[in-house]
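Undergrad: Pasting a structure below so you can have a look.
The values are calculated or read from the model by the stated rules, or taken from the named source; none is laboratory data. Given the structure is predicted, the values throughout are model-derived calculations rather than measurements. FYI the Cβ positions are ideal-geometry reconstructions off the backbone, even for glycines, and counts take in every protein chain you see.
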Amino acid sequence: MREIRTDGVLTLVFDRPDVRNALTVAMRQRLEEICVEADEDDEVDVVVLTGTDPAFCAGADMKEIAARGAGLPPTDPGRALRELRKPVIGAVNGPCVTGGLEIALSCDFLVASERAQFADTHAHLGVLPRWGMSALLPRAVGVRWAKELSATRAVIEAAEALRIGLVNHVVPHDQLGARVTAITDDIRRANRPALAATFALYDDGCDLAQSDAVRLEAERGAAWVADLSVFATKDRSPSSG
């Protein structure tokens, strides 16, 4: 896995194209470590996940699992991504399957290339998801679509993924990097603590009744101390806040 740092953006590239960027245990452990490190690094404003063409990620390395069996240490890169308090963008450049889909779902939002494809094969492999998919996929696309995807291992093309709410944007393949850069530039203009607190409200409130979510917002809003310097200028440079 390659790590690229540019202007407050940490880009993580799954880099095993010969096996569709399948994740070894070592890669999953490193991803978990990076999430902790990025949380503590003031030079990181945004994290971007992508893969080396032609795939985004095929999930866990099944050959390694078959070879090592029960001796594999447990990992949960999905939880590590969801616990990261900085925005995480998935730049889905190609097939995104099973554990790779769980990784994508654990991002805050997704920008997809026109070449992106999505599928879940857990049930057809005789295994259960372990990185959050059973909670995240129904919330993204609805329980009926989630059940169909898992039951049939249907491959969802990028345009259909956009239609059902699985991704935020679909762009031409050669424009994926530029679109993600434009989004990260916008994100970096936000007040970092306020954005993190807003994301926490979304995450904590999504499982609550609407009245309870509104009450949670009111409680946290009342305790929030605003940075009034934000109002001193109409345009703020990236990384301020």
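Undergrad: Suppose the filter is farther than 26 Å from V141 by Cβ, assigned by TED's automatic domain parsing to the domain that holds R139 and within 16 Å of the chain's Cα centre (by Cα); does I34 pass it?
TA: yes
Undergrad: Against the condition crowded, with 24+ Cβ neighbours inside 10 Å and of a type outside the set (A, V, I, L, M), how does T52 come out, does it pass?
TA: Judged against the criteria, T52 is not a match.
Undergrad: Only residues that are among the acidic types (D, E) and within 16 Å of V46 (Cα to Cα): list them for the range 1-30, please.
TA: Result: E3, D7.
Undergrad: I've got another one for you. Which residue, of L105, L101, L136, is within 21 Å of C206 (Cβ to Cβ), of a type outside the set (S, T, Y), assigned by TED's automatic domain parsing to the domain that holds P54 and in contact with a strand residue (DSSP E or B) (Cβ under 7 Å, 6 or more places away or on another chain)?
TA: L101
Undergrad: Just to be sure before I move on: is P129 surrounded by 14 or more Cβ atoms within 10 Å (Cβ to Cβ) and free of Cβ contacts under 8 Å to residues at least 12 places away in the same chain in the structure I sent?
TA: no
Undergrad: Just checking: which of the helices (runs of 4 or more DSSP H) contained wholly in the range 1-117 hold 1 or more residues that are without any contact (Cβ under 8 Å) to a residue 60 or more places away in the chain, within 22 Å of L176 (Cβ to Cβ) and not small (G, A, S)?
TA: Where helices (runs of 4 or more DSSP H) fall fully within the range 1-117 and carry at least 1 residues being without any contact (Cβ under 8 Å) to a residue 60 or more places away in the chain, within 22 Å of L176 (Cβ to Cβ) and not small (G, A, S), they are 25-40, 77-83, 99-105.
Undergrad: Right, here's the next one. From the list E217, E148, pick out the single residue that is surrounded by 13 or more Cβ atoms within 10 Å (Cβ to Cβ) and either over 30 Å from P54 (Cβ atoms) or in contact with a Phe, Trp or Tyr (Cβ under 8 Å, 6 or more places away or on another chain) (or both).
TA: Every option except E217 fails the conditions.
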